[in-house]
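Since the structure comes first, as structure tokens, the remarks are kept for the end.
The values are calculated or read from the model by the stated rules, or taken from the named source; none is laboratory data. Just so it is clear, the model here is predicted, and its values are computed rather than measured. Neighbour counts run over all protein chains shown; Cβ positions are idealised from the backbone, glycine included.
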Amino acid sequence: MSIAFIAIVAFANHIYKYTHNYINGSYTVLKNSRKVISDNDIYNFMNEIYSNESIENVTKDSLKFRKLMCFSIPHGDSFINLIDELPDTIVNVENKEYLINQLDKKTKLWDKTKLKGFWVLTPSDLKKVDQLEKSNGKDYWTNYKTLYGKGNSSCSIPIFDKNKSVAIIHVERSADYLLANSSIYVYLKRNGRWEYYTQSLLWIS
């Protein structure tokens, strides 16, 4: 049994744990019952690194929007390993401790009103895929693409150093049965803009 398969199963169990109670609930129901991510620095970062003006201006074609699962990924121990390995010239010892202290095992809800060019998918949205599969006999991903276009992502809440010049985020991407990956990304703020620095690949299928 591959490490990637084990990771996918573990992640699926996590998603089930935090979504099965809300399978029939709308986004409004979720927002009224779950803790919502509110920090504007987080949304400024997300909107910048995923900015796509051509998508954001196509307001009538939501299939072209980036699909984001509504619940954040909890921070795992892989964050600690990556932070420890970053050069002191990028993140000094004090800032490494500051980053690690932000790690949170709890999942929270993304505020879709603060995200640009995103379609935030809820458990009830994914339930529609299962229902379509039962009615037309086509496989999950064929029906998913019919309803929502290309694949989806799940993201952790990004963490920042004290000066907000370093950001670290975990991203899970799925686009088909054997087209998925999980990585932790590091971004550096240079000349007022976030730039990709490095990543740690956790698994790929």
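Inside the range 5-31, can you point out the residues that are surrounded by 11 or more Cβ atoms within 10 Å (Cβ to Cβ), at pLDDT 75 or above and either under 17 Å from the mean Cα position of the chain (by Cα) or in a helix (DSSP H, G or I) (or both)?
Passing the criteria: TYR27, VAL29, LEU30, LYS31.
Check every one of the helices (runs of 4 or more DSSP H) wholly within the range 33-143 and list those with 2 or more residues that are surrounded by 13 or more Cβ atoms within 10 Å (Cβ to Cβ) and within 17 Å of the chain's Cα centre (by Cα).
It comes to 40-49, 78-85, 123-136.
Is it the case that some residue within the range 191-201 is surrounded by 14 or more Cβ atoms within 10 Å (Cβ to Cβ) and of a type in the set (A, V, I, L, M)?
No, every residue in the range 191-201 fails to be surrounded by 14 or more Cβ atoms within 10 Å (Cβ to Cβ) and of a type in the set (A, V, I, L, M).
Residue under question is ALA167, and the condition is that it be assigned to a strand (DSSP E or B) and farther than 20 Å from LEU86 by Cβ; does it hold? First the steps, then the outcome.
Working: assigned to a strand (DSSP E or B): yes; farther than 20 Å from LEU86 by Cβ: no.
Spelling it out, it is not the case that ALA167 is assigned to a strand (DSSP E or B) and farther than 20 Å from LEU86 by Cβ.
Kindly provide the set of residues from the range 162-180 that are surrounded by fewer than 22 Cβ atoms within 10 Å (Cβ to Cβ) and over 12 Å from the mean Cα position of the chain (by Cα), ordered by number.
If the condition is that a residue be surrounded by fewer than 22 Cβ atoms within 10 Å (Cβ to Cβ) and over 12 Å from the mean Cα position of the chain (by Cα), then LYS162, ASN163, LYS164, SER165, ALA175, ASP176, TYR177, LEU178, LEU179, ALA180 are the ones that fit.
Per-residue answers, yes or no, for (1) over 17 Å from ILE73 (Cβ atoms); (2) not aromatic (Phe, Trp, Tyr):
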residue	(1), (2)
GLN102	no, yes
LYS105	no, yes
TRP110	no, no
LEU115	no, yes
LYS128	yes, yes
GLU133	yes, yes
LYS138	yes, yes
THR146	yes, yes
LYS150	yes, yes
